[in-house]
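**Student:** Right, I'll just put the structure down here and ask away after.
Every read-out reported here was derived from the displayed coordinates using simple, explicitly stated rules and does not represent laboratory data. Bear in mind that the values here come from a model prediction, so they are computed numbers and not experimental data. Cβ sites come from the backbone with ideal geometry, for glycine too, and all protein chains shown count toward neighbours.
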């Protein structure tokens, strides 16, 4: 039987806003007992931590600390333009 791993998304995942900017803090299982952290902006630009976290709370704490220390602008990338004239 071939089972595909579907990561569990943490209930601690949430939106985070500063001023008129908002990012999504995504925390999900890695399938090996750890938790992954990703911050995604409104244009689907993504910042992913390479290391895993021991708990969902550790991942959330890291995200909130990084956002406080670096500012939300550090996690918001440029608008991705697509060329639809193909």
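**Student:** Calculated from DSSP H runs of 4 or more alone, at -39500 (n - 2.57) each and per residue, what is the 222 nm mean residue ellipticity of the chain, nearest 500?
**Tutor:** On the way: 1 runs with 15 residues, N = 86.
It comes out at -5500 deg cm²/dmol, rounded to the nearest 500.
**Student:** Using only the alpha-carbon atoms of region 7-86 as identical scatterers, what base-10 log of I(q)/I(0) does the Debye formula give at q = 0.11, 0.16, 0.22 Å⁻¹?
**Tutor:** -0.31, -0.59, -0.97
**Student:** What FRET efficiency would be calculated for the residue pair residue 54, residue 16, taking the C-beta separation as r and a Förster radius of 25 Å, to the nearest 0.05?
**Tutor:** On the way: r = 22 Å, r/R0 = 0.86.
For R0 = 25 Å, the calculated efficiency reads 0.70.
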